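Here is the structure we will look at.
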Amino acid sequence: MNRLGLTIYDAGFGLAIAGYVALLNMYSQLPEPEFMALFSEKGPFEQLSIVSWLFAAIIIIARIRPLGTRAWAFVLLFILFAAREADWNRIFTADSILKIKYYTHSVAPIGEKMIAGPIAIVATGLIIYAGFVILRFLFWQGGWRSRAGFWLLLAAVLVVAGKVLDRAPLVLARDYGIEIFSFRYTRAFEEGLEMIHPLIFAWSIWISQEEKPYLSCNSPALAEKQVSSLSLSSGMNL
């Protein structure tokens, strides 16, 4: 279809994402009660983001072969992301275990902090490792020129965009008196992006096994090519 090898299925998936973004824009115009019900921390978009991360983890287990350490690291990371969306990073402790101030300024018992600390360290380590794997695949191994890399890059960009929409408008308004986006747009798109980017990760992971894998050492398609090459070489030798 083009240099990236995008197919009709990729085009359909892209159209679905575009329709979803248009839907978010429409929802941002809803009356206040309906809007808050949709995009509150307990609303359907927030809850579906939990399902999306768990679905992406299941895709890794079902699709990636061989299912090695790298793949399991991403499975665990996606499960931790789902747990964070469910507020498990704070509901069992005095504050979020991912915030430095929890360990330096909160009045939480030292025993609680000693349990929470290793979990936070593991989560941080997994994020750094995942970032390394993604950057290596996209830019050092030229993965951005593949179908899987295209969708992986889009998912990564949306993760960053979601965080920017979550924090930047508040910081700009509070510290500098600058208002770029309305509260409705930032809330709608921040919550909406949190739900969709795990599904984009899942699509990238699924198709990566067909061409250029990044969560496994090999793929069925590449293995078949290697077998064909070996057979051809053997035939030539004969």
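Bear in mind these aren't lab numbers, they're just calculated from the coordinates by the rules spelled out. As the structure is a prediction and not an experimental result, all values here were calculated from the model. Counting neighbours? That spans all protein chains shown, and the Cβs are built from the backbone with ideal geometry, glycine included.
Identify all lysines with a Cα-Cα distance to Lys42 below 23 Å; exclude those on the same chain that are fewer than 8 residues away in sequence.
Lys99, Lys163
To make sure I understand, if each residue's beta carbon is the centre and we count other beta carbons within 10 Å, what order do Thr186, Thr69 fall in, fewest to most?
With the sparsest Cβ surroundings first, the list reads Thr69, Thr186.
Spelling out what I want: for every residue of the stretch 4-11, take phi, set θ = phi - 60°, compute 6.51 cos²θ - 1.76 cosθ + 1.60 (Karplus), and round to whole Hz; glycine and proline get x.
Calculated HN-Hα couplings, in order: 7, x, 5, 10, 5, 5, 5, 4 Hz.
If we count every other residue with Cβ under 10 angstrom of His105's Cβ, Lys/Arg +1 and Asp/Glu -1, where does the sum land?
+1
Which listed residue (Pro66, Ala108, Gln47) has the Cα farthest towards the positive end of the charge dipole for the stretch 1-131, taking +1 on Lys and Arg C-beta and -1 on Asp and Glu C-beta about the Cα centre?
The residue sitting farthest along the positive end of the dipole is Pro66.
With 10 angstrom as the radius, rank Trp140, Trp53, Trp72, Trp203 by how many other C-beta atoms surround their C-beta, starting from the fewest.
Trp140, Trp72, Trp203, Trp53
Provide the packing ranking of 75-86, 115-126, 143-154, i.e. peptides ordered by the mean count of other C-beta atoms within 10 Å per residue, highest first.
Highest mean packing first, the order is 143-154, 75-86, 115-126.
Starting from the Cα of Lys101, draw a straight line to each of the aspartates and glutamates and keep only those under 15 Å, dropping any in the same chain fewer than 8 residues away.
Of all the aspartates and glutamates, those that pass the test against Lys101 - Cα under 15 Å, at least 8 places apart if same chain - are Glu112.
If the only charges are +1 at each Lys and Arg Cβ and -1 at each Asp and Glu Cβ, what is the size of the charge dipole of the stretch 47-216 around the Cα centre, to the nearest 20 debye?
For the stretch 47-216, the charge dipole is close to 400 debye.
Only residues of the stretch 99-139 count here: report those whose backbone N is under 13 Å from the spot 7 Å along Cα→Cβ of Asp166, or say none.
Correct set: 99.
Using a Förster radius of 35 Å, what is the FRET efficiency between Leu15 and Thr69 based on their Cβ-Cβ separation? Nearest 0.05, please.
0.45
Quick one: 3J(HN,Hα) in Hz for the stretch 135-150, Karplus 6.51/-1.76/1.60 with θ = phi - 60°, rounded, Gly and Pro as x.
Per-residue couplings from phi come out as 5, 4, 5, 5, 10, 7, 9, x, x, 5, 8, 10, 4, 4, x, 4 Hz.
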